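The values are calculated or read from the model by the stated rules, or taken from the named source; none is laboratory data. Because the structure is a prediction, the values reported are computed rather than measured. We place every Cβ from the backbone using ideal geometry, glycine too, and count neighbours over all the protein chains shown. Heavy atoms of the whole protein, side chains included, go into the accessibility calculation; ligands, DNA and RNA do not. Shrake-Rupley method; radii C 1.70, N 1.55, O 1.52, S 1.80 Å.
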Amino acid sequence: MAIRSTIRTLITLFSLSFLPELSAQDSAWVQVRIPVACIRDGKGHSTEMTSQAIMGTPLRLLDSDGEWLHIQSPEGYEGYMNVSSVANKTDEEMQSWRNAERLVSISKPEVKVYASMEGRGPRDIVTELVLSSIVEGQALNDSIVEIRLPDGRIGYADANSFVKAEEWATTPFDMDKAIDSAYWLLGTPYLWGACSTKGVDCSGLVRVIYFDQGVLTLRDARQQIEIGTRIESSELSDLERGDLLFFSNTPDGRISHVAVYDEDGRYIHSSGLVKTNYMRENDPDYSKRFYRGASRIAGNEGTPGIVKMINHPWYFNKVDQSQ
């Protein structure tokens, strides 16, 4: 696991500095068709879950045995996913999807998608969408959008829960909203490998709040410490809101934990559940870990391992060089 993670980190750091545009016959594809799909370390439901992908996520299909798919996620993470979690897509279908009118969920609570414009009962539910899910769709009026899921199912949802995909992908980063998203997740259970509003591990929390802002980061804490602007100082005055704080269990041990800095020594992280702690030893909520420095993501979009989504060729055919 450690060797493979290191290799994946090195490959991803080089490949995501700027993702290449995809040729017409570049890859085989699948797309997540359920609210949250598990990415595992091997074939089988009993293998370790190492990450997740949410509704609408495009995945590169590397291999398949008919039941388990070897896939690559948009940030370069590889693993295995059960075929029941995805819809198969041709290259032409993915090109069409990238040009289609699409919507992104901006609702922190899950959005229910219903089978008709009128029905709102339990038996009318088609699916639900977690924060930042991306689906084809358009507004029918000021209050209702029609949605087409990756497997072709049609549904209807409240319009105020969505923005157009281009708006989500190009809106300037808003740190206040990012921190608010982290606080909204207070009490959410820790789950190893999880990265959605249903549950997060420590690095998954980072992924969720930055992806909500249209920014894709690398997946694991040991990868995230290598991206952005490195901050070695231990002075709290050198930290800014949204900086990623890294910790180990021993003074010289490997990085085992990441948190998001807020202000005045307080940070928010997922450890057992999403909660806040403080960095100063005399604070009552001090959490005893060994601080190993920080990285600044905001302002570093377009550098290795940090992608503004409008520039991700798996999501958009036209890459905006100004972002």
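Quick notes on this one:
- Here the ratio of the Cα radius of gyration of the range 252-299 to 2.2 N^0.38 Å is 1.16.
- Sorting 157-169, 257-269 by their mean Cβ neighbour count within 10 Å, with the most densely packed peptide first, gives 257-269, 157-169.
- Across the range 44-136, the convex hull enclosing all Cα atoms gives 148 Å³ per residue.
- Taking the C-alpha atoms only, the angle from helix 202-211 to the longest principal axis of the chain is near 50 degrees.
- Whole-Å semi-axes of the ellipsoid equivalent to the range 111-244 (Cα gyration tensor, √5λ, descending): 34, 16, 13
- Between Asp142 and Arg123, the simple spin-label model (points 7 angstrom out along Cα→Cβ) gives 3.3 nm.
- Listed pairs Lys89/Lys308; Lys164/Lys275; Lys177/Lys198; Lys112/Lys177; Lys164/Lys198; Lys177/Lys275 exceeding 21 Å between Cα atoms: Lys89/Lys308; Lys164/Lys275; Lys112/Lys177; Lys164/Lys198
- Value of Rg/Rh across the range 157-304 [Cα atoms, Kirkwood radius]: 0.96
- Gaussian network model of the chain, Cα within-10 Å springs - most flexible of His45, His70, His312: His45
- All aspartates and glutamates inside 14 Å of Lys108 as judged from Cα atoms, apart from same-chain residues fewer than 8 positions distant: Glu128, Asp158, Asp180, Asp212
- In the chain, the DSSP-assigned H stretches of four residues or longer account for a calculated mean residue ellipticity at 222 nm of -4500 deg cm²/dmol, using -39500 (n - 2.57) per stretch and the full residue count as denominator.
- Angle between the chain longest axis and helix 2-15 axis [Cα atoms, degrees, rounded to 10]: 70 degrees
- For the chain, relative contact order (Cα pairs under 8 Å, six or more residues apart, normalised by length) works out to 17 percent.
- Using heavy atoms of the protein chains and a probe of 1.4 Å, the accessible area assigned to Thr171 is about 60 Å².
- Surface per residue (accessible, 1.4 Å probe) for the range 56-190, Å²: 45 Å²
- Table column - 3J(HN,Hα) (Hz), the range 109-118, Karplus curve with 6.51, -1.76, 1.60, x for Gly and Pro: x, 4, 8, 7, 10, 10, 6, 9, 5, 9
- Relative packing of peptides 298-310, 214-226, 270-282, 184-196 - highest average C-beta neighbours within 10 Å first: 214-226, 298-310, 184-196, 270-282
- Diagonalising the gyration tensor over the Cα atoms of the range 193-261 and scaling each eigenvalue by 5 before taking the square root yields semi-axes of 20, 15, 10 Å, largest first.
- Taking the longest Cα principal axis of the chain as reference, the axis of helix 175-184 is set at about 90 degrees.
- Global form of the range 180-231, assessed from the alpha-carbon gyration tensor, a/c cut-off 1.5: prolate
- In this view, the solvent-accessible surface of Met117, computed with a 1.4 Å probe and all protein chains in place, comes to about 80 Å².
- Charged neighbours of Val36, selected by a Cβ distance under 12 Å, balance to 0 (K, R count +1; D, E count -1).
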